[in-house]
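Undergrad: Structure incoming, see below.
The values are calculated or read from the model by the stated rules, or taken from the named source; none is laboratory data. Being a predicted model, the structure only gives us computed values, none of them experimental. Because the Cβ atoms are built from the backbone with ideal geometry, glycine has one as well, and the counts that use them run over all protein chains shown. For accessibility, only protein heavy atoms count, side chains too; no ligands or nucleic acids. Shrake-Rupley method; radii C 1.70, N 1.55, O 1.52, S 1.80 Å.
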Amino acid sequence: MTAMSVSEATDWGVFSKPSALPFGLLAKRFKQGLVCYGGALSGGLLKALLDRGIEPMLSTGADELVVEDDRVVGVRARQGDKELLIGARRGVVLASGGFEWNEELCRRFLGGPLTHPNSPPGNEGDGLKMAMSLGADLGNMSEAWWCPSLMVPGEEYDKRPLHRGDFATRSLPHSVIVNRKGQRFVNEAHNYNDLMKAFFAFDPVAYERSNLPAWIVIDQQYLERYALLTYVPGMPVPEWLVRADTLDELAAQIGVDARGLAATIARFNRAAVEGVDPDFRRGESVYDHFYGDPDHKPNPNLGTIEQAPFYAIQIHPGAIGTKGGARTDGDARVLRPDGTAIAGLYAAGNVMAGVTGAGYPGAGATIGAAMTFGYLAGRHAASRSV
């Protein structure tokens, strides 16, 4: 069941008023097993399977597609030390996610460095490699669902480092993103997919990416009002935040040009007071406002950075998934380069070439497309006579 709606979350001020959340109600819903957003959609899909007596095989990895008479008829899999041969009369649907945790594939295909993926560590491109082994055509291989990442040292998920996608910190007042020159280079509140592309700017003379590394800089005003990763106002300042009494000291600690940072903050503060960002138009769009503070005037996304101490945290190139994979037709059938379908093979989700290309239509674009093409695959496979 769904625990909250988008409008409910917005009314609560999930991002801008963390201390005012109804924690009692949230705890009650948690104990009831209620989830929301993508978790609720996935839960509904799982329930539909279980209601039909179909139980997912956990801890079971597929390694190879089985082909007979030019048709995919199953997979070879492993479950611990046990090898399995699983037949599929109507077809196999690849829905294994992207390849963002596979360093070799990322290095080979992506248009920018991906060092801190936000997805489950199992997304290593297994489905992509199986499709490639049968000569599948590929598309969008240089693209990802880019998302800036922050991390708390020592946090892990499935024995791999946990990288947290940042949506609100960079959008709230009293925060700014700078490069090693201490300069801003993007509208910090822009949608995460397109915002990340500014991090990949390449200087052909210096032969380096001029906006990496990058840092989020905030001040005491921010910490007194808003949350940051595991921190909420009123808690002791965490050790993983770089802290300094002056901007010059902060610049020295994070390896940023002090003069550049001072000039950037001075210009940013003037813009925050006026409520207009002449450089990157932060706070102009409805999207920007969603992650801002509606009670902050004159602009919900702009606030001065002037109250010591000052703090910084490095922001890394991350992604919630890759967009590249096997090209499919309107029935989710995997295609060869000549446009013919590989019989018995389907793809859905981030293992297929993303239908949005380089763009980002909005939240839910990954799971929405996955559900749609999963439905198309199932419908087509069910129509086959066996």
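Undergrad: Restricting the search to the range 360-375, which residues are outside any helix (DSSP H, G or I) and open to solvent by 30 Å² or more (accessible area, probe 1.4 Å)?
TA: Passing the criteria: Tyr360, Pro361, Ala363, Gly364.
Undergrad: Could you say whether any residue in the range 259-273 is of a type in the set (S, T, N, Q) and in a loop (DSSP other than H, G, I, E, B)?
TA: Among the residues of the range 259-273, not one is of a type in the set (S, T, N, Q) and in a loop (DSSP other than H, G, I, E, B), which makes the answer no.
Undergrad: Name every residue in the range 280-297 that is surrounded by 15 or more Cβ atoms within 10 Å (Cβ to Cβ), in contact (Cβ under 8 Å) with a residue 40 or more places away in the chain and either within 14 Å of Arg170 (Cα to Cα) or among the charged types (D, E, K, R) (or both), in order of residue number.
TA: Answer for the range 280-297, where residues must be surrounded by 15 or more Cβ atoms within 10 Å (Cβ to Cβ), in contact (Cβ under 8 Å) with a residue 40 or more places away in the chain and either within 14 Å of Arg170 (Cα to Cα) or among the charged types (D, E, K, R) (or both): Phe280, Arg282, Gly283, Asp288, Phe290, Tyr291, Gly292, Asp293.
Undergrad: Next question. Among the residues of the range 132-167, how many are in contact with a Lys or Arg (Cβ under 6 Å, 6 or more places away or on another chain) and part of a loop (DSSP other than H, G, I, E, B)?
TA: 4
Undergrad: Tell me, yes or no, whether the range 188-202 has at least one residue that is within 24 Å of Thr322 (Cα to Cα) and in contact with a His (Cβ under 8 Å, 6 or more places away or on another chain).
TA: Checking the range 188-202: not a single residue is within 24 Å of Thr322 (Cα to Cα) and in contact with a His (Cβ under 8 Å, 6 or more places away or on another chain).
Undergrad: Pick from Arg164, Arg170, Arg184: which is surrounded by 18 or more Cβ atoms within 10 Å (Cβ to Cβ) and under 13 Å from the mean Cα position of the chain (by Cα)?
TA: Arg164
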